[in-house]
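Peer 1: Just dropping this structure here.
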Amino acid sequence: MQFHFDTLPLAYLIDSTLQSNEGYAQSFDIEICYESPVDNTIQVRVDAQRFVQVLSNLLSNAIKFSRPHGQVDVRVSMIDEQVRVEVQDYGIGISEEFKSSIFQKFTQEDAKAARKYAGTGLGLSLSKTMIEKMGGQIGFISTENLGSCFYITLPVAATLSPSLTAA
């Protein structure tokens, strides 16, 4: 897997990913709500295509595993010199038994889930590999029957000067 790193505005990466996943969310009747109190000038050093792939995977999982007519929240926050992007759903959640193997290849909670939710069980494993290659981390918090919050953290690479963001 090759990576092509650039320093890019995080807000742009998130906005473009949300736009490209809006149709998928609509097909499940899921509303995506985006909240970011973080400065739009924050930049991260990532492979843009891989970052979008990871965030899209988290979004599509949240959408798939949500209840009908539900909502998926995307939040951005700063923790020290790290930016944290969270994707929260209010769906089926993850069982305690499955939590320890969720980032392993070809894993899904059960065979019925694989048929119902259509997937290979590779998305989270690949996402973990890609985020770690970009210097970040991925994790989750989940309660069965209440939903899951997957998050990625990345080091902040730079902050654009205000004059450059006004253009």
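The values are calculated or read from the model by the stated rules, or taken from the named source; none is laboratory data. None of these values were measured; they are calculated from a predicted model. Backbone-built Cβ (ideal geometry, glycine too); neighbour counts: all protein chains shown. Accessible surface is based on the protein model in full, side chains and every heavy atom, while ligands, DNA and RNA are left aside. Shrake-Rupley method; radii C 1.70, N 1.55, O 1.52, S 1.80 Å.
Peer 1: State all residues of segment 61-70 that are surrounded by fewer than 18 Cβ atoms within 10 Å (Cβ to Cβ) and either touching a residue at least 40 places away in the same chain (Cβ under 8 Å) or in contact with a Pro (Cβ under 9 Å, 6 or more places away or on another chain) (or both); if no residue qualifies, say none. Working first, answer last.
Peer 2: Quick first cut of segment 61-70, residues surrounded by fewer than 18 Cβ atoms within 10 Å (Cβ to Cβ) only: 67-69.
Within segment 61-70, P68, H69 meet the criteria.
Peer 1: List every residue pair whose Cβ atoms sit under 8 Å apart, with the two residues 6 or more apart in sequence or on different chains, where the first one lies in segment 72-83 and is within 17 Å of Q19 (Cβ to Cβ) and in contact (Cβ under 8 Å) with a residue 24 or more places away in the chain and the second, anywhere, is of a type in the set (K, R) and open to solvent by 10 Å² or more (accessible area, probe 1.4 Å).
Peer 2: Filtered contacts from segment 72-83: V76/R84.
Peer 1: Tell me whether segment 105-116 contains one or more residues that are aromatic (F, W, Y), modelled with pLDDT of 55 or more and in contact with a Ser or Thr (Cβ under 8 Å, 6 or more places away or on another chain).
Peer 2: Step one: filter segment 105-116 for residues aromatic (F, W, Y), giving 106.
Narrowing the set further to residues that are modelled with pLDDT of 55 or more leaves 106.
Now drop any that are not in contact with a Ser or Thr (Cβ under 8 Å, 6 or more places away or on another chain), which leaves 106.
The answer is yes; a qualifying residue exists.
Peer 1: Looking only at segment 39-60, decide whether some residue is under 16 Å from Y151 (Cβ atoms), in a loop (DSSP other than H, G, I, E, B), of a type outside the set (F, W, Y) and open to solvent by 40 Å² or more (accessible area, probe 1.4 Å).
Peer 2: No.
Peer 1: If I ask for residues that are surrounded by 15 or more Cβ atoms within 10 Å (Cβ to Cβ), assigned to a helix (DSSP H, G or I) and of a type in the set (G, A, S), which ones from segment 17-38 would you list?
Peer 2: The one that is surrounded by 15 or more Cβ atoms within 10 Å (Cβ to Cβ), assigned to a helix (DSSP H, G or I) and of a type in the set (G, A, S): A25.
Peer 1: Can V76 be described as open to solvent by less than 40 Å² (accessible area, probe 1.4 Å), in contact with a Phe, Trp or Tyr (Cβ under 9 Å, 6 or more places away or on another chain) and not basic (K, R)? Give the derivation first.
Peer 2: Values: open to solvent by less than 40 Å² (accessible area, probe 1.4 Å): yes; in contact with a Phe, Trp or Tyr (Cβ under 9 Å, 6 or more places away or on another chain): yes; not basic (K, R): yes.
When the stated conditions are applied, V76 passes them.
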